[in-house]
Structures are given as structure tokens and as C-alpha cells.
Amino acid sequence: MKTSDLTRRSILAGSAAIGALGVAKPAAAQPTVEWRMVTSWPKNLPGPGITAQRLADRIAIASGGRIQVTLYAAGELVPALTVLDAVADGTAEMAHTASFFWQGKMPASAFFTAVPFGLTAPEHAAWVYFGGGQALWDTLYADFGAKPFMAGNTGMQMGGWYNREINGVEDLKGLKIRMPGLGGEIMRRLGATPVSTAPGEIGPSLERGTIDAAEFLGPWSDYGLGLNKSAKYYYWPGFHEPNGTGEALVSLKAWEALDDDLKSAVATACAAEDAYSRAESDWNNARVLSILIDKENVALRSFPETVLKAARDAAGPVLDSFAARGGIDADILSSYRAWRSAAASWARVGTSAFLAARDSDAA
């Protein structure tokens, strides 16, 4: 084989490498599909903002340039918390967001981002891919004209930023906290007031005192939003979100218009970005946590056991409400709980046991 052939192959391989994404040129003989992607994130926000752009690039590469995706960050085409509507009404063919933003429209959507004291990111992926979660997700979103995919993951979350210390459940009374999803409902039952705030508005809301506390994601993304400038106390664990799945929404009309090979390209790009972004978040969360503690003088705190117990006690009734609704909501809860039980049994002798053994010697 000629040296030039080897060089050419190396260049082609490198252009598709995860760390060096570029947008492929459209194939000359094929029509190009033009999609608009709207997101719930500030442009290039560490974590989901970066993931959204990389997903658009992956789709172009995986499709051989036959699908070109133009990204519109939060507020550029539609507001952050209306991207589902934008896909449903044809304003955009695609969105990158998080499912718990749609809890007001379809309460069980929150299961596809995170459940308090629920599945970790690897366990969640196992449920979606192998436990029937994807079929339930598809059914839930069908009435909104959207096909959902896992397409990004920020991993384990932190408990959030607070402008005062939390020494017990009484300190949550009257606290205005930005916490979406089922975690927000648990906080409400503990006496706090959950507030819906778009990601880009969290920092300003904390600074103005519109809210007293806020959770977003992990150290990397939180630092990217500058939340450490607006609140001193940073709490763990993120009991409300042990998983950080981001979702890609594709208009059902746009999806059904694709050839099978292009459908495969979109699905493959979403799956690749989901796995890659979780590794990226784990790496950067560890790195940035050290920065927050050592350089930014953030006060890292753990939730008292009394708060965690109260939250655990509230989680059961919150989830039970989905069984009472019946239909698809009850089906999702039943499937989720069945896998959570099986996953917990395996984790006890697998991941949990290993971490306990590993960390016992860490000191």
C-alpha cells in the first residue's frame, strides 16, 4: 500500500474521531435534509450546550452530510422551556433538552431524566435500551409529535447551591428553590417552594434573591453558569437526580420522512453522544470540583441524614401518585420500579460493594 493511501486513511479516520468533529460535506448525488435544532441551553454551556452542538455535528458526519443540523441556543429561535412545542408545531425539526421540563404536560416525562433515589446513569441506560423504557418513552411522546432519544448525560448530579446552611428539615421551610422534576415535588412536600427557572436564568435569579437555592447539574456545568458567584454553600449528594440524561427530540413528521439509513445515522449519533458526554462530564466534574474547593473557596456540605431520610420518605408517595393515574403513567412506574429493584440487587454485590471496598482504604 502506498504511503499516500495510508495518509489519506489516517486523515479520514481522524476527521471522524470523537475529539475532532467536523461537519461533513453533503454527498453530491443525494438530496440534503436541512434541520433546525432548538435547545434549552445557553450556547456552548459546559455539559449540555457543548453536547447539543457536538450532536448536530455527529448527525452530519454519520449521515454522510445528507442531514445538516443548524443549532439555535436557548432564546435564539424559541425560549428554553418551549422547545417541545417548537418540535410539535414545526418551528424546528429537532430539540436538545431534558424530559423533566415537560412534567406539566405529561407528568411521567420526568422518569426519562431522573427519579429521586432512582437509577444511576448506567442503570438508566440499561432500562431504556433493554428494559422497555424506549418503547414507553416513544408512546408517551407520540401525542406531542416527537420521537425521543437519549443524547447526552451529565452523570451524577450535585444537591445544589444554597444561600444558607441546611442543618435540618426546618431549614427548608419557605425556601424558594430552583429544582425541576420529581425532586422539586419532594422539596415542596418538605416545606420548600420549587420554582421553574430556565438554565440561563438560574445565576441572575440567585443573585437577585428571586430564589434562595438552586440545583442545576454537576460542578463543571454549574461553574460554567457561575453559580458559585451567587451562593456560598454547595450540597451533596444529588439525591433528586442520580442520573443526568439529556434528550434529543425529533419531529415525528421529520423522522418518518427519513430513509432507514438516515434514521440509523441519527440514532447512532445520539447513542454515541450519550456515552461520550457522560465520560466527559465525569472527567470534568472531578476536575472542577477541586477548583471550586481549592480556588473559589466554595463551602462544600453534605445534606444531614435527617433531610435525606425525610426526602426518602417523601419519594415513595410521590412515585405512588403515578400508579393512581393509571394508563401510560402507571406502566412507566411499574417498569421503572421493577428494574430499579433488580438493579439494586446487582449493585449491592457489584458497584456498591466494590466502591465500599475501594474507598475504605482511600484515607
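The values are calculated or read from the model by the stated rules, or taken from the named source; none is laboratory data. Small disclaimer: the values here were computed from a predicted structure and weren't measured. Methodologically, a virtual Cβ is constructed for each residue, glycine included, from the backbone with ideal geometry; neighbour enumeration extends over all protein chains shown.
Quick notes
- Set Gly104, Gly90: member being out of contact with any strand residue (DSSP E or B) (no Cβ under 6 Å at 6 or more places or on another chain), in contact (Cβ under 8 Å) with a residue 24 or more places away in the chain and either part of a strand (DSSP E or B) or surrounded by fewer than 24 Cβ atoms within 10 Å (Cβ to Cβ) (or both): Gly90
- Test: residue in the range 205-216 that is touching a residue at least 60 places away in the same chain (Cβ under 8 Å) and farther than 19 Å from Asn285 by Cβ: no
- All of Lys43, Lys105, Lys25 fail the test of being at pLDDT below 75, over 15 Å from the mean Cα position of the chain (by Cα) and of a type in the set (Lys, Arg), apart from Lys25.
- Qualifying residues in the range 129-152 (those that are hydrophobic (A, V, I, L, M, F, W, C) and free of Cβ contacts under 8 Å to residues at least 24 places away in the same chain) - the one surrounded by the most Cβ atoms within 10 Å (Cβ to Cβ): Ala135
- Conditions (1) under 12 Å from Thr39 (Cα atoms); (2) crowded, with 20+ Cβ neighbours inside 10 Å; number of the one not met by Ala60: (1)
- Here the condition is being modelled with pLDDT of 95 or more, buried (at least 18 other Cβ atoms within 10 Å of the Cβ), touching a Lys or Arg at 6+ places or on another chain (Cβ under 6 Å) and β-branched (Val, Ile, Thr); of Ile202, Ile166, Ile186, Ile177, it holds for Ile202 alone.
- Yes/no for Thr193 being among the polar types (S, T, N, Q), within 26 Å of Gln134 (Cα to Cα) and either surrounded by fewer than 19 Cβ atoms within 10 Å (Cβ to Cβ) or at pLDDT 95 or above (or both): no
- Close pairs (8 angstrom Cβ cut-off, 6 or more residues apart or separate chains): surrounded by fewer than 23 Cβ atoms within 10 Å (Cβ to Cβ) and part of a loop (DSSP other than H, G, I, E, B) in the range 26-48, modelled with pLDDT of 95 or more and of a type in the set (Asp, Glu) anywhere: Lys43/Glu76
- Only listed residue being among the polar types (S, T, N, Q) and over 28 Å from Met94 (Cβ atoms), chosen from Ser264, Ser321, Ser277: Ser321
- Helices (runs of 4 or more DSSP H) within the range 113-225 that include 2 or more residues within 30 Å of Ser341 (Cα to Cα) and either among the aliphatic types (A, V, I, L, M) or touching a Phe, Trp or Tyr at 6+ places or on another chain (Cβ under 8 Å) (or both): 121-130, 133-142, 181-189
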